[in-house]
Amino acid sequence: MVRTAAVLLAGGTGTRLYPASRSHRPKQFLALGDDDRSLLRRTADRAGFADDLFAVTRAEYADRVREEVPEATVLVEPAGRDTGPALAYAASEVRERAPDAAMLCLPSDHVVGDGFRETAETAVSVAAETGALVALGVEPDRPATGYGYVEPGADRGDHYAVAQFREKPDEATAREFLARGCFWNAGMFAWTPAAFLDAARRGPLGDVVASLETGDEDAVAAAFDAVDPVSVDYAVMERADDVRVVPAAFDWDDVGAWDALLRLLDGENAVLGDALTVDASGNVLASDDKHVAVVGADDLVVAAFDDRVLVAPAEDAQRVREVVAELREDDLF
């Protein structure tokens, strides 16, 4: 069996779930849906079959991550620069601490159904045996415009070569992707640290990788300060020579915005917390200790947390990031 080091990405904020998600309470620490465990705790439990467990996060969340997942080795990245630099840092640390392990890299803020382990173990085996970078691809059930896609190439039996990664499409293009057998890019990956770092050095993470290889903390900090935030998809996966995709045999949702709760929760309205509806349907009602009531209105998001209230059409749930962008300008997020 391949030694597996599961790496949980726990440094994001989940801006589209504002006001439940805030700078002091990012999405991975929330309990969403019908499970009272945080999304981070659920991810750690799902990865419990791994031989080693790591969580990479930023300094301000490190203590909370240790509380939520005490069994994990917490890696504190020098600066938050999106998933590309975070995973380069994690790969360097895993190579030092578990040199014979392949990495299974998992966002800590997704909802995943049964069947995860089998797919994950296949992905890790493919990564270890081929030296390729491996994505877990979810079979779409709708023409989603909020996800990237992976177009499969040659059939390798239990996986495919990747023909190309596709950016988030409009609805018409998403329908074309479904017809062509594309998978959703779920942001879950497997690779050996050596293969990933080798691929990463040939893109925008080159200076970061070079600094990590020096072992000089000051050099690493300087490289992180200098690098622009960049996703692992753009920085590495889309540029790598050998990328594979393993079809995922499980349900998946990234709970990226409030309208996701309409998919995750049963009922005429999706309710988190204390709520009352009268002659209303298709709404998302979420709150902490506040009572929320909606009368005679359909297809709204009403979210009340702390001293903040958000109201938006459910179809505009992705636009919550625009609110957060303005709040950040005034340091109010």
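The values are calculated or read from the model by the stated rules, or taken from the named source; none is laboratory data. Just so you know, these numbers come straight off a predicted model, no measurement behind them. Because the Cβ atoms are built from the backbone with ideal geometry, glycine has one as well, and the counts that use them run over all protein chains shown.
For (1) more than 17 Å from the chain's Cα centre (by Cα); (2) buried (at least 22 other Cβ atoms within 10 Å of the Cβ); (3) under 23 Å from Gly256 (Cβ atoms), each residue gets a yes or a no:
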{"residue": "Glu121", "(1), (2), (3)": "yes, no, no"}
{"residue": "Glu129", "(1), (2), (3)": "yes, no, no"}
{"residue": "Tyr149", "(1), (2), (3)": "no, yes, yes"}
{"residue": "Phe165", "(1), (2), (3)": "no, no, yes"}
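Cβ-Cβ under 8 Å, sequence separation 6+ or interchain: first residue in the range 68-83 and at positive phi and assigned to a loop (DSSP other than H, G, I, E, B), partner surrounded by fewer than 17 Cβ atoms within 10 Å (Cβ to Cβ) and not small (Gly, Ala, Ser). Which pairs? Partner pairs satisfying both residue conditions: Asp82/Pro229.
Check Ser281, Ser287 and return the single one that is in contact (Cβ under 8 Å) with a residue 12 or more places away in the chain and farther than 28 Å from Trp184 by Cβ. If you could, list the steps in order and put the result at the bottom.
Values: Ser281 fails: farther than 28 Å from Trp184 by Cβ.
Of the residues listed, the single one that is in contact (Cβ under 8 Å) with a residue 12 or more places away in the chain and farther than 28 Å from Trp184 by Cβ is Ser287.
Residues that are farther than 30 Å from Leu310 by Cβ and hydrophobic (A, V, I, L, M, F, W, C): which helices (runs of 4 or more DSSP H) entirely in the range 154-271 hold 3 or more of them? Spell out how you get there, then give the answer.
Values: elements: 171-179, 193-200, 206-214, 217-226, 261-264.
By residue number, 171-179, 193-200, 206-214, 217-226.
Within the option set Leu106, Leu136, Leu197, being in the same structural domain as Met237 (by TED's automatic domain parsing), over 24 Å from Asp45 (Cβ atoms) and among the hydrophobic types (A, V, I, L, M, F, W, C) holds for one residue only, Leu197. Against the test of being at pLDDT below 95 and assigned by TED's automatic domain parsing to the domain that holds Thr122, the options Gly267, Gly215 yield a single qualifying residue, Gly215.
Identify all residues within the range 92-106 that are surrounded by 21 or more Cβ atoms within 10 Å (Cβ to Cβ) and in contact with a strand residue (DSSP E or B) (Cβ under 9 Å, 6 or more places away or on another chain); write none if there are none.
Matches in the range 92-106: Val94, Ala101, Ala102, Met103, Leu104, Cys105, Leu106.
Listed conditions (1) buried (at least 22 other Cβ atoms within 10 Å of the Cβ); (2) at positive phi are all met by Gly215, apart from (1).
Picking from Ala172, Ala222, Ala194, Ala161, which residue would you name as being closer than 19 Å to Glu77 by Cβ and modelled with pLDDT of 95 or more? Step through it out loud before you land on a result.
Values: Ala172 fails: closer than 19 Å to Glu77 by Cβ; Ala194 fails: closer than 19 Å to Glu77 by Cβ; Ala161 fails: closer than 19 Å to Glu77 by Cβ.
Every option except Ala222 fails the conditions.
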